[in-house]
Amino acid sequence: MSRDATTAFARALVDEWARAGITEACLAPGSRSAPIALALAADDRIRVDVHLDERSASFFALGAAKASGHPAIVLCTSGTAAAHFHAAVLEAHHARVPLLACTADRPPELRDTGAGQTIDQQNLYGDAVRWFCDPGVPEDRRGVGAAWRSVAARAVAESLGPPAGPVHLNLPFREPLVPTGEPLVDAPGRADGRPWTEFTQARRLPDEATVERLASAVRAAPRGLLVAGWGTGVQPATAARFARAAGWPVLADPISGLRTGEHAISAYDALLRVPAFAEEHRPDLVVRVGAPPTSKVTNAVALAADVPQVLVDPDRAWLDPGRVAAEAVAVDDDALLAAGADRLDRPPARSEWLDRWLAADRTARRALDELLDGWEEPFEGRVARDVPDALPAGATLLVASSMPVRDVESFARSRAGLRFLANRGVNGIDGFVSTVLGAAVATSTGPVVSLLGDLCLVHDANGLLGAVDRGVDATFVVLDNNGGGIFSFLPQAELPEHFEALFGTPHGLDLTALAATHGLAAERVEKASEVVPTLDAAIAAGGVRLVIVPTDRADNVDRHRQAADAVERAISR
């Protein structure tokens, strides 16, 4: 008797993924992927979001996985559709985000024959995946159900790492691609509803020798710094306790989540641009968790080659582009700092080093705030300060690459209760709109807001397709300077003959009209004092909305320089 192996295979995979706790799947329409698409649609444990653009689908899944910490599924048909996943796969790889990239494929007999929509999809994403598997065309044979379910369970486990990251399942199917009505191949799961193989991920805890080595180094370096970038697993309370025990300041890029507590220095980027301050405050030791900060001056001064540095990363990621780390410690960073704080259980009675940093931060913060508050015409640095300030506890702020992430680092105040997310694995602007909407699907603790530039919005305008009907709430604060604002800060700006065409790239689009094309509400603000009230109103209204803040690229460069000058004058006094 003939049995339907294709449908049984697809349903077994989807059932295993649901058993493992996966709740989000994104797919782009296609014929060859029909078996998995139909199985997903039939399982009410997994939400299915359909996207016309494969790149949007993949970044939507990335955003959901980034926000939840659990793998998300992204599915496409064969051919070039699979190639459109590559950018999101790379981001997931470098940012350590669990992702199941499932590409349907033609069966082996159709490959390399000129068959339509057929490319070589074997190891398509190279070394950017934690695991690649092509289980072959589903067939009816003894014991095959266990093999199918094992593949599904392993895909989840491999995506969780360590380190977490993308998995590529290449799934070839023969026609018919829809259920035949024949009995299904037997592929039962565990009787108790558990996954076929449960995966336990152990923390890499530091041993006594490692803790004592860190504590001894900290005791010997009263002029030290704790520096934090994106990707760290250190909790804010742990970082604050370690800094207090060490008597050190904390220089934390906001997207690390650690710019909180009484030791956090919010204006370090501006302070380290003051030559005299930078020279007098060169540290004797830096303990670094996560990636390097975005700030170039911080990397050049606080993380200079002659500064001893300890890099802590549980996944052995070599996050050292300057090649300056003296020691790399592959243990759980939160556990190490917590144990180090316990070992340094008697904080310094008084730290002149810390006092000077905190006093300078107060002076710089006051100079920045007085200057920014005096400008009623919108300035990108003020928006980067005011938006994080305005959001309620429990909110999520996604910050786009290019200028927004730099301005948030330079201008945002210290605060607790706000979750930052960003695509900093590869630092691209591509797919950001979709990432935000995916994160919104996976977030229930508070509003989801994003800060991005106009080119970032336009680059992923396809991500807005269908957004009005997805049932999500997300507010986009768009800094509209009609082009690539970051290039105005670079040497290319000194080439006026070709600058606008090659780098400035003005698009001339009405972003309010772009939003309306997708059925979305957008409001354009003309005064800096209107940004927060307009943002508050957009959050309260719900749905997907845009707040558009017009700025001028040349004026923006000048105001950044004025801000740096204001801090230097204040510190010099």
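The values are calculated or read from the model by the stated rules, or taken from the named source; none is laboratory data. The model shown is predicted, which means the values in this text are computed figures rather than measured ones. Please note: Cβ atoms are built from the backbone with ideal geometry, for glycine as well, and neighbour counts cover all protein chains shown.
Look through the range 295-309, keep the residues that are in contact with a Leu (Cβ under 7 Å, 6 or more places away or on another chain) and aliphatic (A, V, I, L, M), and return whichever of them is nearest to Arg213 (Cα to Cα).
So in the range 295-309, the residues in contact with a Leu (Cβ under 7 Å, 6 or more places away or on another chain) come out as 297-298, 301-302, 308-309.
So of that shortlist, the ones also aliphatic (A, V, I, L, M) come out as 297, 301-302.
Numbers: Val297: 29, Val301: 25, Ala302: 22 Å.
If we take residues in the range 295-309 being in contact with a Leu (Cβ under 7 Å, 6 or more places away or on another chain) and aliphatic (A, V, I, L, M), then Ala302 is nearest to Arg213 (Cα to Cα).
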Test result for Gly543, over 28 Å from Asp373 (Cα atoms), surrounded by 15 or more Cβ atoms within 10 Å (Cβ to Cβ) and among the small types (Gly, Ala, Ser): yes
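Take Val301 and tell me if it is modelled with pLDDT of 90 or more, farther than 30 Å from Glu158 by Cα and within 23 Å of the chain's Cα centre (by Cα). Let's see the steps before the verdict.
On the way: modelled with pLDDT of 90 or more: yes; farther than 30 Å from Glu158 by Cα: yes; within 23 Å of the chain's Cα centre (by Cα): no.
Criteria not met by Val301.
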Members of the range 215-236 that are in a helix (DSSP H, G or I) and either in contact with a Leu (Cβ under 8 Å, 6 or more places away or on another chain) or touching a residue at least 24 places away in the same chain (Cβ under 8 Å) (or both): Ala215, Ala217, Val218, Arg219, Pro236
The range 392-414, residues that are in contact (Cβ under 8 Å) with a residue 60 or more places away in the chain, aliphatic (A, V, I, L, M) and either surrounded by fewer than 22 Cβ atoms within 10 Å (Cβ to Cβ) or in contact with a Pro (Cβ under 7 Å, 6 or more places away or on another chain) (or both): Val408, Ala412
Qualifying residue in the range 416-436 (condition: part of a loop (DSSP other than H, G, I, E, B), closer than 25 Å to Val297 by Cα and free of Cβ contacts under 8 Å to residues at least 60 places away in the same chain): yes
Set Gly165, Gly189: member being buried (at least 18 other Cβ atoms within 10 Å of the Cβ) and not assigned by TED's automatic domain parsing to the domain that holds Ala12: Gly189
Restricting the range 1-28 to residues that are at pLDDT 95 or above and farther than 21 Å from Trp196 by Cβ, the residue that is surrounded by the most Cβ atoms within 10 Å (Cβ to Cβ): Cys26
Residues (over 14 Å from the mean Cα position of the chain (by Cα) and more than 15 Å from Gly21 (Cα to Cα)) located in the range 62-84: Val74, Leu75, Cys76, Thr77, Ser78, Gly79, Thr80, Ala81, Ala82, Ala83, His84
Residue in the range 42-58 that is crowded, with 24+ Cβ neighbours inside 10 Å, under 24 Å from Phe199 (Cβ atoms), among the aliphatic types (A, V, I, L, M) and modelled with pLDDT of 95 or more present: no
Whichever residue in the range 343-367 is among the basic types (Lys, Arg) and outside any helix (DSSP H, G or I) and, among such residues, is surrounded by the most Cβ atoms within 10 Å (Cβ to Cβ): Arg350
Matching residues, the range 443-469, being touching a His at 6+ places or on another chain (Cβ under 8 Å) and assigned to a loop (DSSP other than H, G, I, E, B): Leu465, Gly466
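Only one of these is over 24 Å from Asp361 (Cβ atoms) and either at pLDDT below 95 or in contact with a helix residue (DSSP H, G or I) (Cβ under 7 Å, 6 or more places away or on another chain) (or both): Leu397, Leu451, Leu457. Name it. Working first, answer last.
Details: Leu397 fails: over 24 Å from Asp361 (Cβ atoms); Leu451 fails: over 24 Å from Asp361 (Cβ atoms).
Sole residue among the options that is over 24 Å from Asp361 (Cβ atoms) and either at pLDDT below 95 or in contact with a helix residue (DSSP H, G or I) (Cβ under 7 Å, 6 or more places away or on another chain) (or both): Leu457.
Pick out, from the range 470-573, the strands (runs of 3 or more DSSP E) lying fully within it that include 2 or more residues that are touching a residue at least 60 places away in the same chain (Cβ under 8 Å) and touching a strand residue (DSSP E or B) at 6+ places or on another chain (Cβ under 8 Å).
On the way: elements: 474-480, 521-524, 544-550.
Passing ranges, in order: 474-480, 544-550.
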Extreme residue, surrounded by the most Cβ atoms within 10 Å (Cβ to Cβ), among residues of the range 274-292 that are without any contact (Cβ under 8 Å) to a residue 24 or more places away in the chain and not acidic (Asp, Glu): Ala278
